[in-house]
Amino acid sequence: MIKSRFQNSKYIGNSQTKEIMLLFILVFSLISCNNVSKSKTTVESPIVEVPFKETNMIIDGFFVQSRESNDSKPYSISYIYKADLCNSSNNTFDKVITKFEIILELDNGNLLTKKEYGTGYFGEDILELISNRNWKPNQTQRIERLISVKIPIKYIDYPIKKVTVQYEFECDDQINDSQPIYTYNVDVTDKWHNAVIKVKNNEVDFYDSWDFAEKQN
């Protein structure tokens, strides 16, 4: 803004004009230093802790599914999460959308997400999110079910180094007029290895993941 104001100005070589220019330069320098200071503070600010704490774990792991109800052969692997969580913050959230995604990290560093292992069909990831309403401070609510996109069993032969569940909480805080988003990652590599063993042993947990999650309390 300051530079543009001087672009079309005529230069008048008197001391008063020079003093005005020096004053503008000084003000501009102070503003720039202040902006740099703010940016540095933002970058170095600590990570905000996720305010939702598990009080009762119901389901948390990979499960092997068959393709049909009368089929006993492994077809795909899904991650299911169901738990009671407490809002440990001082904020009341009008709405909290909880979602997750499975990330497969290969030995060469490449990451596979549902964009790679999913079918790409519209709505296949609809069970990867759920909504809770009017979540008050210190109140416990249930995450009824989070069910991942089906991972074809062919991926058990991939050189997978690490498997991560990435959780995300999209919150609507109407009182403070803010929409904070909290994320955290959980290493579930061991649970993936357990599912791989089941597939290799030709074991199946169920056909209907929704029905299985509903019955668990």
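The values are calculated or read from the model by the stated rules, or taken from the named source; none is laboratory data. The structure displayed is predicted, hence computed values, not measured ones. FYI the Cβ positions are ideal-geometry reconstructions off the backbone, even for glycines, and counts take in every protein chain you see.
Residue check: D190 meets all listed conditions (1) out of contact with any strand residue (DSSP E or B) (no Cβ under 6 Å at 6 or more places or on another chain); (2) in a strand (DSSP E or B) but one, namely (2).
Given the criteria surrounded by 13 or more Cβ atoms within 10 Å (Cβ to Cβ), in contact with a strand residue (DSSP E or B) (Cβ under 8 Å, 6 or more places away or on another chain), modelled with pLDDT under 95 and under 20 Å from L129 (Cα atoms), does V50 qualify? Criteria met by V50.
Let's see how each residue does on (1) among the aliphatic types (A, V, I, L, M); (2) over 16 Å from G61 (Cα atoms):
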site	(1), (2)
K115	no, yes
E128	no, no
S131	no, yes
W135	no, yes
T140	no, yes
D157	no, yes
E168	no, yes
V186	yes, no
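Residues in the stretch 161-205 that are among the hydrophobic types (A, V, I, L, M, F, W, C) and under 21 Å from the mean Cα position of the chain (by Cα): V163, V165, F169, C171, I181, V186, V188, W192.
In the stretch 65-102, how many residues are surrounded by fewer than 16 Cβ atoms within 10 Å (Cβ to Cβ) and part of a strand (DSSP E or B)? Qualifying residue count for the region: 4. Here D157 does not fit the description of being within 14 Å of S78 (Cα to Cα), over 18 Å from the mean Cα position of the chain (by Cα) and exposed (fewer than 14 other Cβ atoms within 10 Å of the Cβ). Among the candidates K136, K99, K82, the residue that is touching a helix residue (DSSP H, G or I) at 6+ places or on another chain (Cβ under 7 Å), at pLDDT 95 or above and farther than 21 Å from K215 by Cβ is uniquely K99. Restrict the check to the stretch 152-162 and report whether at least one residue is under 24 Å from R133 (Cα atoms), in the same structural domain as S66 (by TED's automatic domain parsing), in contact (Cβ under 8 Å) with a residue 24 or more places away in the chain and not in a strand (DSSP E or B). The answer is no; no qualifying residue exists. Close contacts from the stretch 121-133, counting a first residue that is in contact (Cβ under 8 Å) with a residue 60 or more places away in the chain and a second that is hydrophobic (A, V, I, L, M, F, W, C) and surrounded by fewer than 17 Cβ atoms within 10 Å (Cβ to Cβ), with Cβ to Cβ under 8 Å and a gap of 6+ residues or different chains, come to L127/W210. For the stretch 166-202, residues that are surrounded by 13 or more Cβ atoms within 10 Å (Cβ to Cβ) and either touching a helix residue (DSSP H, G or I) at 6+ places or on another chain (Cβ under 9 Å) or of a type in the set (F, W, Y) (or both) total 8.
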